[in-house]
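Chemist: Okay, here's the structure, questions in a sec.
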């Protein structure tokens, strides 16, 4: 066994124990124990705030999203089922959903006049993927993303991390809408096939 | 369209729902299907489990304390139904505590105390408060500012062992005829506590119920609300919060 897989095993163990703790805290929230929510917030809020901030792009909006999501988590903790995925997966999905709803509001405008966010968005290079590889849970998706064609990978990463819709992807990548949709669809199919091989 | 007969379609929509590219009305419609059809809900859950780990690559950003305060308030007010809610649950209020305690507190500790407003607005010139050359005594210190202009308007201080709370008005124009300005301590997760009224004179002292170490030790921030003449009739803030700022211990 080489050093890399030892490191990955350690990351897996750490992640497993975090997920177990989060699951126990969700159970506490379901019993209406406020200290459980406080601890859950302490352990997960920075990650979820990062996710929200990246999609809605404004501190005050991301704060509102985060507040609403923790209230939702508190009120729906009893609905969490381990079979639906790890606690962090469940909470991340709640946050991303809320962000996408938020972007649908009529008043929404993408505050990116200077193009700073677009410039910081993931490129065709798999650079940000190296971050993913460090995490036990994410190593599989990181490897499979690297196996995609660059355009497919870029479209999927922009959609996931920046909350771009098909038409925003088309505008951002300066490609026809149909082309972008095809990249996303084929990319997702390949991801699934790749993940199922593991 | 009989959606259930098209497993390929529902697999594709589940994938696009989880990724986030399914939007607008199509997204809402799909959410209804998800609620009605357990197989679709499971397909979505599987896709979420596939893509959500991508979030691991997002750099964590610690949210400001006010987000937790607002959550705590909302949960607290739900568990005791009688609670006065609304005003103090409002994230906009906590946001109006424009200077977050953590970042600014460190900045206040220089020998000349530099007040750095939060980033988004074009920053006004930094305000340097003059401090005696021999250094400051051990004290609690708060600089309250107007969240709109980010201009500091009041400095509040108290020696750690003293029950005298000193208030220096930096901007005399804050006083409004026939109204009073009331100073509040904002303990974490509890209702604000009145510290007294801010008088119109440039410098004044209020008496704390106990030495500052007890009265202000757990108070992360102070705020000033606009109240009827003579102060809040209810013991809780009734008017808008005009100024606020972190309360720190300097020693």
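Chemist: Work out the FRET efficiency for residue A:58 and residue A:167 from their Cβ-Cβ distance, taking R0 = 22 Å, and round it to the nearest 0.05.
Modeler: Details: r = 21 Å, r/R0 = 0.95.
Efficiency, rounded to the nearest 0.05: 0.60.
Chemist: May I ask for the distance between the Cα centers of the range B:179-206 and the range A:44-80, given as a whole number of Å?
Modeler: Centre-to-centre (Cα) distance: 33 Å.
Chemist: Also: Sorted by mean Cβ packing within 10 Å, highest first, what order do the peptides B:51-59, B:166-174 take?
Modeler: Working: B:51-59: 22.1, B:166-174: 15.6.
Ranking, from highest mean packing down: B:51-59, B:166-174.
Chemist: How high is the relative contact order of the range B:3-57? Use alpha-carbon pairs under 8 Å, at least six apart in sequence, and give a whole percent.
Modeler: On the way: 29 pairs, mean separation 20.8, N = 55.
The normalised contact order for the range B:3-57 reaches 38 percent.
Chemist: Using a 10 Å cut-off around each Cβ, can you sort B:182, B:72, A:196 from fewest to most neighbouring Cβ atoms?
Modeler: Details: B:182 23, B:72 19, A:196 9.
The most exposed by this proxy come first: A:196, B:72, B:182.
Chemist: If you don't mind, there's one more thing I want to ask. Taking each residue in A:29-42, count the Cβ atoms of any other chain within 10 Å of its Cβ, then average. What number comes out? Display every interim value, and only then the final one.
Modeler: Numbers: counts 1, 0, 0, 3, 0, 6, 0, 0, 4, 5, 0, 0, 5, 1.
Mean number of neighbouring Cβ atoms from other chains: 2.
Chemist: May I pose another question? Under a plain spin-label model, where a point goes 7 Å from the Cα along Cα-to-Cβ, how far apart in nm are residue A:174 and residue B:236?
Modeler: Modelled inter-label distance: 5.7 nm.
Chemist: Let me ask you something else. Averaged over B:35-48, how many beta carbons belonging to a partner chain fall within 10 Å of each residue's beta carbon? Before the final figure, lay out each step's value.
Modeler: Numbers: counts 0, 0, 0, 0, 0, 0, 1, 2, 0, 2, 7, 4, 5, 9.
Mean number of neighbouring Cβ atoms from other chains: 2.
Chemist: Three principal axis extents, largest first, for the C-alpha atoms of the range B:3-57, in Å?
Modeler: Extents along the principal axes: 36, 22, 18 Å.
Chemist: Stick to Cα atoms and the Kirkwood definition of Rh, then tell me Rg/Rh for the range A:6-111. Each step should come with its number before you reach the end.
Modeler: Numbers: Rg = 14.7 Å, Rh = 14.5 Å.
Using only Cα positions, Rg/Rh for the range A:6-111 is 1.02.
Each value in this text was obtained by applying a stated rule to the coordinates, not by laboratory testing. Quick caveat, the model's predicted, so the values are computed rather than measured. Every residue, glycine as well, gets a Cβ built from its backbone with ideal geometry; the counts of neighbours run over all protein chains shown.
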